[in-house]
Structure formats: C-alpha cells, structure tokens
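I have placed the structure first, in the form of structure tokens, so that the comments after it can refer back to it.
Each value in this text was obtained by applying a stated rule to the coordinates, not by laboratory testing. Being a predicted model, the structure only gives us computed values, none of them experimental. Backbone-built Cβ (ideal geometry, glycine too); neighbour counts: all protein chains shown.
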Ligand SMILES: Nc1ncnc2c1ncn2[C@@H]1O[C@H](COP(=O)(O)OP(=O)(O)OP(=O)(O)O)[C@@H](O)[C@H]1O
Ligand SMILES: [Mg+2]
C-alpha cells in the first residue's frame, strides 16, 4: 500500500532566477534598490521597464556579480551569486549597456576569446552558428573598429552567447539601433528563446516590451511597482478610444450624452469616446444611434486601443 507521506510531491517549476528581499545602496548613499522580489521562469522573455536611474543596470550588475548585493539573496539556476559566483556567471550572458569592444581585434577572435575566458574548449561550430544567426558571418575577419554601431552591438551579443549561457541579459540592447536592425534583433531574441535561453532585457522602448516580452516588470525609484503577463496587462488596463470627427462643430457635449464618457476637442469638431471593452457601459452602436437621432452628423470615425506605452506612462505618473 502506498504510504501517503512518501507519495511523490509534484515539484514547482524551478525559477532560473530568484531574487529575494534585495536592497542596495552605493557607499552609504540612498537605496537605489529597495526590497526587490522577482522570480523568472526558464525560457521566458522578461522586459524590465523603467525611467533613467530607476535601478535597472544596478539590478543586472548584482545578478551578474559585478556589483555586491546589499541585503537579500539572488540565485541563478539555484546557485547563490555571491557564494557560487563562478557557477552563476557561467550560466549568464551579459550584453552591457555601455559599448565596450576590443577595437583592434577581429570579430572572430574577440568572440572566440570570450568563450575561452569561461574555461571552455574552443568550439568553432558554435561560434559560426552565432555569428551567422547575428548576421555577422560576413564580418568575421573585420576589425571591430571598422564596424557600425549596430554591428558592434551584435558583436557584444555574440560575445555574451559564446559560452552557451542559459540566461541572457540585454541591458538596453537596441539603444541607437535603427528600426530594421531592431527588428532583426527581436528575431534573434525569439530564436534564442526557442533554443531554451531565458532572456531578460531592459528597455526604454515600450514598443520593444510590447513586441517581445512574455512578462513585463516596471521598476521605479528602485522598487518594482508592477510585474504582469504582458497580455493580461494589456487586457486589464487596455482601454479603447473612439474619435468621432463631426461635420459641424459643437459648443459643448450635449447634456443628453452625459451617460457616455465623451470629451470634445479640435475646436468642437472631435468627440472622443473612451470605453473599456470589458465594461457594461452603453455600447458603441447605441452612441452612434443617439448621435444620429440628435442630428449630429459624422465625417469620420477612428478607434485606437491603448498601448503598453499609455499604461507605462500612467503608472509612472500616478505613482509619483
Ligand atoms: N557606481 C555607482 N556609484 C554610485 N551611484 C550609482 C552607481 N551606479 C549607479 N548609481 C546610482 O544608482 C541609481 C540607479 O542607477 P542605474 O544605472 O541602475 O539606473 P538605470 O535604471 O539603469 O538607468 P538608465 O535607464 O539611465 O540606464 C542612480 O541614481 C545612479 O545614479
Ligand atoms: Mg541602465
């Protein structure tokens, strides 16, 4: 008979990154990180959004063992980043915010050398694979100083991937990268994830989080003010807006329309209706009917779904 106390207990899926109660101040200054708690699942793409000085780079630097944690613990793959530094560092690839490259080296040499730094045997096939993936194969023999800024950034990604890390940190990966290259880079990140790599990126481009992330965290003044599945976040906070362009301008919103959340702009010729797709408020078709009955004629109608950018701006504004 099966003894219930020895029955196997299903294990909770282990976080690849686990941050508990992390606080940090630089040399006695104010706290730049304040009680950060965060769990990252293997294989997810996590975007950390926050204004300048919020603490994003400090947080990444602590995880990568470059900056000492103050209070709290950080584990990567179950290992403590202070006690088991060599182990955790080998699991991590870091693309730093600042561009630092060895100007006189070739692409091939610098990426191969990075792998060697982790004590791994040479693996030309792996280096070739990542250079091809990052569209750097044609540039493998070029000296780094001859490359454009966007290419240099991709060299940094190649270096970060040279030792086959399980977690990749991208600190502002597409700052100063043009739109087409940015999309290429997003594609690379998706491919990495498909290959099982967990990706944590910081960004100012909300569009980037919206495009890429499975989950989004917002950090402000050293505190994480929100962590949410991106899709849930967009659903929960996503409002829709319908702009009605009128044939004849109005002096004011007619009192009979007080029921609707309407505002008048554009010298009285634009009515904006804000609604929530989940709510029970009077629907669009009724509004259009009521307008027609009131003799208000429309020239044009457009709708807009609020974006992560609106959500982010409202978060940063309302919590200040
Ligand atoms: N080495 C340091 N010594 C003292 N203070 C520091 C140091 N590095 C960062 N700080 C301070 O810590 C705070 C967080 O900085 P951090 O670089 O982590 O922010 P960030 O979110 O990465 O900003 P950005 O978006 O501008 O890159 C800032 O107030 C910054 O001035
Ligand atoms: Mg930073």
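What is the gain in length, in nm to one decimal, between residue 104 and residue 164 on full extension, counting 0.36 nm per residue of separation less the C-alpha to C-alpha distance? Don't skip to the end; give the middle numbers.
Details: separation 60, 0.36 × 60 = 21.60 nm, distance 2.47 nm.
My answer for the length gained is 19.1 nm.
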Stokes-Einstein D for the chain at 20 °C, 1.002 mPa s, Kirkwood Rh over Cα pairs, in µm²/s? 94 µm²/s
Per-residue ellipticity at 222 nm attributable to helices in the chain (runs of n ≥ 4 DSSP H, -39500 (n - 2.57) apiece, nearest 500 deg cm²/dmol) works out to -9500 deg cm²/dmol
Gap in Å between the Cα centre of the stretch 80-128 and the Cα centre of the stretch 28-76? 21 Å
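Let me check against my output: what whole-number percent is the relative contact order of the stretch 17-234, with C-alpha pairs under 8 Å and at least 6 apart?
30 percent
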Segments 45-57, 65-77 sorted - mean Cβ within 10 Å per residue, highest first: 45-57, 65-77
What's the extension gain from residue 146 to residue 207 if we count 0.36 nm per residue and subtract their Cα-Cα distance? 18.9 nm
Volume per residue that the Cα convex hull of the stretch 8-124 spans, once the total is divided by residue count, Å³: 168 Å³
Where the Cα atoms of the stretch 239-307 are projected onto their three principal axes, how long is each span, largest first, in whole Å? 31, 23, 17
What spacing in nm lies between the two simple spin-label points modelled at residue 225 and residue 293, each 7 Å away from Cα in the Cβ direction? 4.3 nm
Percent antiparallel among DSSP beta bridges (both partners in the chain, rounded to 5): 65 percent
Connecting every pair of Cα atoms under 10 Å apart in the chain and solving the GNM, the largest mean-square fluctuation among 284, 200, 63 falls on 284
